[in-house]
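Colleague: Below is the structure I would like to discuss, written out as structure tokens.
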Amino acid sequence: MTIQTSPSSYFSGQLLVAMPTMPDPRFSQSVIYLCAHNEDGAMGLVINRTMPEVTFPDLLEQLGIEQLGPADAIRIHAGGPVEEGRGFVLHSPDYVHESTLVVDGQMALTATIDIVKAIAEGHGPEKSLLALGYAGWGPGQLDSEMLENGWLSMAAAPELVFATDSDGKWKNALNSLGIDALMLSEEAGHA
């Protein structure tokens with residue numbers, strides 16, 4: 001007998017919030033926006049870890065792109081441990097090109113140099129988050145982690161995703177779920 005999984009059981013367009021018991025230190029207290037999740041696996045971007053050693057103007061210089069617009073405030077995020085040299089821009093859906101993946105009515109993902117140029121020229125998306133690398137899961141891997149209580153899932157509110165307080169996103173995500181981070185135990189069976 002084959003069990004069919006309905007598309008509604010997938011978490012594309014949701015936030016994953018790491019539980020305190022997260023065994024992988026790379027994802028401790030992380031918040032991940034899931035760009036894609038299906039039977040083949042999942043792909044997302046960590047949205048609460050910035051890379052202070054890399055600035056947007058430095059990145060533009062490295063890519064040979066002239067900065068014409070006000071882009072100094074764009075912070076580069078460590079999107080995850082996979083392909084850390086590859087850039088991804090999670091953004092509002094007001095910027096859509098041929099290579100853009102529109103996740104839902106609130107978020108889109110573009111991974112081409114064109115969006116970086118558009119941001120540098122001052123005519124990119126209204127809201128954006130630039131990340132180097134991504135988090136990836138093979139078939140069924142994220143589903144298993146969810147069943148093992150490694151992650152909480154929640155709706156992805158743009159005000160949380162694009163908030164400039166990256167350090168506070170984990171606690172803010174838990175608070176929006178009605179959970180006090182101080183009340184969560186790192187040991188199973190304890191309150």
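Every read-out reported here was derived from the displayed coordinates using simple, explicitly stated rules and does not represent laboratory data. Because the structure is a prediction, the values reported are computed rather than measured. Cβ: placed from backbone, ideal geometry, glycine included. Neighbour counts: every protein chain shown.
Colleague: Going toward the positive end of the dipole of region 9-183, with +1 on Lys and Arg Cβ and -1 on Asp and Glu Cβ, which of Ser144, Leu109, Leu59 do you reach last?
Modeller: Comparing the listed Cα positions along the dipole, Ser144 ranks first.
Colleague: Please give the Cα centre distance for region 71-119 versus region 34-65, rounded to the nearest Å.
Modeller: Taking the Cα centre of region 34-65 as reference, the centre of region 71-119 is 7 Å away.
Colleague: I've got another one for you. Can you tell me the relative contact order of region 47-125? Whole percent, Cα pairs under 8 Å, sequence separation 6 or more.
Modeller: On the way: 105 pairs, mean separation 24.8, N = 79.
For region 47-125, the relative contact order is 31 percent.
Colleague: Turning to a different aspect of this structure: Can you order the peptides 101-107, 78-84 by their average number of other Cβ atoms within 10 Å per residue, highest first?
Modeller: Values: 101-107: 14.7, 78-84: 17.6.
Listed from highest to lowest mean packing, they are 78-84, 101-107.
Colleague: Between Glu159 and Thr55, what FRET efficiency follows from the Cβ-Cβ distance if R0 is 22 Å, with the result rounded to 0.05?
Modeller: On the way: r = 24 Å, r/R0 = 1.10.
Computed FRET efficiency for Glu159 and Thr55: 0.35.
Colleague: Which of the aspartates and glutamates could a cross-linker span from Lys171 if the Cα-Cα distance has to be under 16 Å and same-chain partners fewer than 8 positions apart are dropped?
Modeller: Glu159, Asp180, Glu186
Colleague: Can you check what the net charge comes to around Glu145, using other residues whose Cβ is under 15 Å from the Cβ of Glu145 (Lys, Arg +1; Asp, Glu -1)?
Modeller: On the way: positive: Arg26; negative: Asp24, Asp143, Glu148.
Result for the local shell: -2.
Colleague: To make sure I understand the rule: partners must be lysines, Cα under 27 Å from the Cα of Lys117, and not fewer than 8 residues away in the same chain. Which ones qualify?
Modeller: Lys127
Colleague: (i) 17.1, 59; (ii) 18.8, 66; (iii) 17.2, 63: which one is Rg and Dmax of the Cα atoms in Å as calculated from this entry?
Modeller: (i)
Colleague: Between Thr112 and Val96, what is the label-point separation in nm under the 7 Å Cα-to-beta-carbon projection?
Modeller: The modelled label-to-label distance comes out at 1.5 nm.
Colleague: Once Lys and Arg get +1 and Asp and Glu get -1 on their Cβ, which of Thr164, Val46, Ala118 lies farthest toward the positive end of the dipole of the chain?
Modeller: Of the options given, the answer is Thr164.
Colleague: Counting helices only, and only those DSSP H runs with n ≥ 4, report the 222 nm mean residue ellipticity of the chain as the sum of -39,500 (n - 2.57) divided by its residues, in deg cm²/dmol to the nearest 500.
Modeller: Details: 5 runs with 35 residues, N = 191.
Roughly -4500 deg cm²/dmol at 222 nm, from the helical runs in the chain.
Colleague: Expressed as a rounded percentage, what relative contact order does the chain have, with Cα pairs under 8 Å and six or more residues apart? Walk me through the intermediate numbers first.
Modeller: Working: 365 pairs, mean separation 51.8, N = 191.
For the chain, the relative contact order is 27 percent.
Colleague: Only Lys, Arg, Asp and Glu count, each charged at its Cβ (+1, +1, -1, -1), so figure out the dipole size of the chain about its Cα centre, rounded to 20 debye.
Modeller: Values: 8 positive and 25 negative charges, 36 e Å.
So the dipole magnitude of the chain works out to roughly 180 debye.
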